[in-house]
Amino acid sequence: MFFPTMKMIFPAGAAMLLAGSIMLGACGRSDKYYEKSVEIPADATPQERVDMASRVVPTPQQLAWQELGLTAFLHFGVNTFTDREWGDGTEDPAVFAPTALDAEQWVATLKKAGFKLVILTAKHHDGFCLWPTATTGHSVAASGWLEGNGDVVKALREACDKYDMKLGLYLSPWDRNATCYGDSEKYNDMFVAQLRELLGNYGKVDEVWFDGACGEGPNGKRQEYDWERFRKVMEELQPEAVLAITGDDVRWVGNEGGLGRTTEWSVTPLTPAIFPGSKEANDRLGINEMSADLGSRELLAKAESLHWWPSEVDVSIRPGWFYHPDEKPKSLRELAEIYLQSVGRNSTLLLNIPPDRRGLIARADSLRLMEFGKWVETSFANPVGKSEGSLTIDFPAATEINCVAAGEDISKGQRVESFVIEGLSGGNWTTLAEGTTIGHRRILTFEPVAVEAVRLNVTSSRGEPCMKPVEAFRIELPAEEVADASNVPSGHKAVNGVTASVRDGEIQLTLPEVARVSGFIYTPHADARPGTLYRYKCETSPDWGVWTVPAGVSGEFGNIMHNATPRTVVFSKPVDARYLRFKLLEDTKGSTTASPSWADITVLTPQ
Ligand code: FUL
């Protein structure tokens, strides 16, 4: 496989390779680096492979992106108004009706909270375009918003310019509205035209997000994307942008729950989806984006190519990616943990804040963002100690710490395989924490301890690591909030005494007696296991004789396979029912015959 982005670099001037203890900046080498990708000769020895891995380095764009740390997502579109996570493309553009859209409010809020880049869903899977595109009538131009003269992308561009924020755009390849979807060449032309509009008419774009989801077109037609062509358009129009997810600059961490790996290699044998043959290459290695191990020596031993493909942790501040009136933002404690598990684990955090139906970031979310920004600033802006010229911090007097942050100069590659943090107390060195990879930034927390000194020892590495100064902190984790366990939307309450069982391949619910039923909450198992409903049919009956499908049930829990959150469905009109049944039409693994599974189903009645 030839990777068009592969480049070999020979740095000028010889540098000293020091043996023994690691000094800061002591890792320069007089020999070669591989920028972004490298093919491994089949006969390379295990040691040669490890050595090659240690010399794969980011492009300048990737490096700049990794340094951003905090980036934001804005999921906004027809789903905001239909209460869905995945629209099916049949939405009337008139449903898109923000009453007070203000992109400056979005950007000012994000800026204040410390975010450096914001990505907008210019088009989600429903195909509705937030800019007045010439490629389809399914866009803001056909909505009543600003009499069809609005342009969300332009509004965001202007706000980003005003607040000095970088702009990113999400353009879903999967399009459930385009009639040509599945007619590969035709749809690829349309997609390229959309890409040209977005990347050509809205100034500098720093991140382009191509989602991995790819559904079938009409009549089961399968769309073959022309990734190579898409990439060329991007290179032509926005050569400095990073291409995320299916792209080869930024890798999806593998979950939507805000959880980075404790061992996170930016250098990986996983081949980005954008390259032809990637699936076969990854299958040969038995890995995909969700694999726990994406960079060990065992994998390197079998690898055919290596890529600098750093991880992005994408997660929403609310359970869903789109705004749903009855969902609440995560607690400050949860956000703090997500920060430590993403930015603190060699990843960039992409936090989604969905604008509401007015077209504003809701008050609860903006308050939470302010708290979060303040927590990050208070915790990490001022270390209580920082090493100079070595990896040891000497404190003038015993100092209480509970957190250490380390980083490698990744412009020289990622090399540390394991390390130990030790503290000196009363003349004795003791282990405070241990870790594996470091990469761009690794944050470790431990019980508070008073130390006279703290040091980082690299216990295993791929060649000489190039370390940045070590920093020590005394941070406070926000208190755990007592969770409001109830997901019941306002105006409704749960029906008590409902029994549930699986019979005839269906989930059957029985209420103690006939009741006004206004909806239900389907809670899947957190692992979205087989049998979890993705597409389903819901019917209700007062007497087990006459069955009706209540109005307002879409029959799809969009994205539940990636984000297994409770799904609240409110009927357009309450019905009288004693029985509800759910037939599985397709589960999270694509099966149409699996036995349906659920963690909880709450039946709702008007309050
Ligand atoms: C997923 C999509 O299917 C979700 O709806 C969401 O946009 C998330 C960020 O990516 O793959």
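Readers should treat all values here as calculations from the given coordinates under stated rules, not as data from a laboratory. Everything quoted here is computed from the prediction, not taken from an experiment. Neighbour counts are summed over all protein chains in view; Cβ atoms, including those assigned to glycine, are modelled from backbone coordinates with ideal geometry.
What to note about this one:
- Rounded, prolate or oblate (a/c below 1.5 giving rounded, otherwise prolate when a/b exceeds b/c) for the range 490-607 by Cα gyration tensor: prolate
- In terms of its alpha-carbon gyration tensor, the range 478-527 comes out oblate; a/c meets the 1.5 threshold, while b/c is at least as large as a/b.
- About the centre of its Cα atoms, the chain shows a dipole size close to 200 debye [charges on the beta carbon of Lys, Arg (+1) and Asp, Glu (-1) only; nearest 20 debye].
- Residues listed by number, the range 293-337, amide nitrogen under 19 Å from ASP527 label point at 7 Å toward C-beta: 293
- Taking only alpha carbon atoms, the range 277-341 gives an Rg to Rh ratio of 1.15, where Rh is the Kirkwood radius.
- Dipole axis of the chain (+1 Lys, Arg; -1 Asp, Glu on Cβ), positive-most option in THR437, ASN559, THR268: ASN559
- Gyration tensor (alpha-carbon) shape descriptor, the range 196-293, a/c threshold 1.5: oblate
- Each Cα pair under 8 Å and six or more residues apart adds its sequence gap; the mean of these over the residue count of the range 148-245 is a relative contact order of 34 percent.
- The chain - Rg (one decimal) and Dmax (whole number), Cα, Å: 25.8, 85
- Neighbour net charge for VAL470 - beta-carbon separation under 14 angstrom, K R +1, D E -1: -1
- Placing unit charges on the Cβ atoms only, positive for Lys and Arg and negative for Asp and Glu, gives the range 64-221 a dipole magnitude near 400 debye about its Cα centre.
- Listed residues ALA178, GLN238, CYS214: farthest to the positive end of the dipole of the range 148-254 (Cβ charges): ALA178
- Rg to Rh quotient for the range 245-320, alpha carbon positions, Kirkwood Rh: 0.98
- Of every Cα-Cα pair in the range 346-446, the percent that sits beyond 17 Å: 66
- Here LYS154 is the anchor, and the lysines within straight C-alpha reach of less than 22 Å, apart from those fewer than 8 places off in the same chain, are LYS111, LYS112, LYS116, LYS123, LYS162, LYS166, LYS204.
- Environment charge at LEU360 (Cβ cut-off 12 Å; Lys +1, Arg +1, Asp -1, Glu -1): -1
- Value of relative contact order over the chain, rounded to a whole percent, pairs C-alpha under 8 Å and six or more apart: 14
- The Rg/Rh ratio for the range 101-232 is 0.99, where Rg is the radius of gyration of the alpha carbons and Rh is the Kirkwood radius.
- Rg/Rg_globular for the range 29-123, with Rg_globular taken as 2.2 N^0.38 Å and Rg from C-alpha atoms: 1.79
- Taking only the Cα atoms of the range 429-524, the radius of gyration and Dmax are 26.6, 72 Å.
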